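Structure first, commentary second.
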Amino acid sequence: MSELLPVVLVLASGRGERFMASGGTVHKLQADLHGMTVLQHTLAAVRASGLRWHLEDAGHPGMGDSIAAAVRATRDAPGWLILPGDLPLVQAETLRQIATATMPTDMLVPMFDGQRGHPVRFSAACGEALASLKGNSGAAQILPAQATTKLIVFDAGCVLDIDTVQDLERARAYWRAS
């Protein structure tokens, strides 16, 4: 069954410059969040989802380059869920919900409380465009050119990314409250 579902592409190639500039002392993906690193939490949710996945952590110059490399490495996939590695609170059930949702368009974006979240799902038809991305803007380069399906989810973790030390503190507070 999982071979018919999109592959989760976990992007972990960024430099984390905003995190360091905000006072971080380690790379944001290595920051501690209740006994595990941010990236370990993200990967734990991906593993628990039961979906196929690929970690892209080769240190590419931009998000577009990371996405392109990950898509090329998983060329046989029937689609992709693009998940930045800095979303440690995303739930496995949300990943499964996005992966199995009916998708009348080539792109699906989860929405939580009116905010666009991650992972964004792309059909195999987007493969060539994704595989040729470059630079920092990532898949946003192809979003305006396509109709996008929006899927309401009930998971704040799909919008709580870690870009600054303040974001990490917000994630810690959310963790304690839930």
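The values are calculated or read from the model by the stated rules, or taken from the named source; none is laboratory data. None of these values were measured; they are calculated from a predicted model. For neighbour counting, all protein chains shown are included, and Cβ atoms are generated from backbone atoms with ideal geometry for every residue, glycine included. Just so you know, the surface numbers come from the protein's heavy atoms only, side chains and all, with ligands and any DNA or RNA stripped out. Shrake-Rupley method; radii C 1.70, N 1.55, O 1.52, S 1.80 Å.
Please state which of the following conditions ILE98 fails to meet, knowing it meets all the rest: (1) outside any helix (DSSP H, G or I); (2) within 14 Å of the chain's Cα centre (by Cα); (3) hydrophobic (A, V, I, L, M, F, W, C).
So the condition that ILE98 fails would be (1).
Here are the criteria: (1) free of Cβ contacts under 8 Å to residues at least 24 places away in the same chain; (2) under 13 Å from the mean Cα position of the chain (by Cα). Tell me which single one MET20 does not satisfy.
(2)
For the stretch 112-124, state whether one or more residues are in contact (Cβ under 8 Å) with a residue 24 or more places away in the chain, under 15 Å from LEU9 (Cβ atoms) and more than 13 Å from the chain's Cα centre (by Cα).
Yes, because at least one residue in the stretch 112-124 is in contact (Cβ under 8 Å) with a residue 24 or more places away in the chain, under 15 Å from LEU9 (Cβ atoms) and more than 13 Å from the chain's Cα centre (by Cα).
Does any residue of the stretch 141-149 turn out to be of a type in the set (Val, Ile, Thr) and touching a strand residue (DSSP E or B) at 6+ places or on another chain (Cβ under 6 Å)? Steps first, answer last, please.
Step one: of the stretch 141-149, the residues of a type in the set (Val, Ile, Thr) are 142, 148-149.
Now drop any that are not touching a strand residue (DSSP E or B) at 6+ places or on another chain (Cβ under 6 Å), which leaves 148-149.
Yes: the stretch 141-149 contains one or more residues that are of a type in the set (Val, Ile, Thr) and touching a strand residue (DSSP E or B) at 6+ places or on another chain (Cβ under 6 Å).
Going by the conditions given, is VAL109 out of contact with any helix residue (DSSP H, G or I) (no Cβ under 7 Å at 6 or more places or on another chain) and within 18 Å of GLN40 (Cα to Cα)?
Working: out of contact with any helix residue (DSSP H, G or I) (no Cβ under 7 Å at 6 or more places or on another chain): yes; within 18 Å of GLN40 (Cα to Cα): no.
Answer is no for this residue.
Identify the single condition in (1) over 26 Å from LYS150 (Cα atoms); (2) buried (at least 17 other Cβ atoms within 10 Å of the Cβ); (3) at pLDDT 95 or above that ALA73 does not satisfy, given that it satisfies every other one.
With (1) over 26 Å from LYS150 (Cα atoms); (2) buried (at least 17 other Cβ atoms within 10 Å of the Cβ); (3) at pLDDT 95 or above applied to ALA73, the lone miss is (2).
With the condition kept exactly as written, say whether any residue in the stretch 148-166 is among the small types (Gly, Ala, Ser) and closer than 16 Å to PRO6 by Cβ.
Step one: list which residues in the stretch 148-166 are among the small types (Gly, Ala, Ser), which gives 156-157.
Filter once more, so that each one left must be closer than 16 Å to PRO6 by Cβ: none.
Checking the stretch 148-166: not a single residue is among the small types (Gly, Ala, Ser) and closer than 16 Å to PRO6 by Cβ.
Given the criterion over 16 Å from the mean Cα position of the chain (by Cα), within 23 Å of GLY127 (Cβ to Cβ) and hydrophobic (A, V, I, L, M, F, W, C), identify the matching residue among ALA12, ALA68, ALA73.
On the way: ALA12 fails: over 16 Å from the mean Cα position of the chain (by Cα); ALA68 fails: over 16 Å from the mean Cα position of the chain (by Cα).
Going through ALA12, ALA68, ALA73 in turn, the sole match is ALA73.
Considering (1) more than 15 Å from the chain's Cα centre (by Cα); (2) of a type outside the set (Lys, Arg); (3) at pLDDT 95 or above, say which one TRP80 fails and leave the rest.
The one condition TRP80 does not meet is (1).
Which ones in the stretch 113-128 are under 23 Å from ALA45 (Cβ atoms) and open to solvent by 50 Å² or more (accessible area, probe 1.4 Å)? Talk me through it step by step, then tell me what you get.
Going through the stretch 113-128, the residues under 23 Å from ALA45 (Cβ atoms) turn out to be 113-123.
Scanning the stretch 113-128 gives ASP113, GLY114, GLN115, ARG116, HIS118.
With the requirement that a residue be within 23 Å of LEU95 (Cα to Cα) and surrounded by fewer than 21 Cβ atoms within 10 Å (Cβ to Cβ), what does the stretch 14-31 give you?
GLN30
Taking the stretch 137-177 as the region of interest, how many residues are open to solvent by 60 Å² or more (accessible area, probe 1.4 Å), in a loop (DSSP other than H, G, I, E, B) and at pLDDT below 90? Full working, then the answer.
Here is the first cut: in the stretch 137-177, the ones open to solvent by 60 Å² or more (accessible area, probe 1.4 Å) are 137, 141, 144-147, 150, 152, 154, 166, 169-170, 174-177.
Checking the rest, the ones that are also in a loop (DSSP other than H, G, I, E, B) come to 137, 144-147, 154.
Restricting the remaining residues to those that are at pLDDT below 90 gives 137, 144-147.
Number satisfying all stated conditions: 5.
So TRP53 fits all but one of (1) within 19 Å of SER137 (Cα to Cα); (2) modelled with pLDDT of 95 or more; (3) open to solvent by 20 Å² or more (accessible area, probe 1.4 Å); what number is the exception?
Answer for TRP53: the failing condition is (1).
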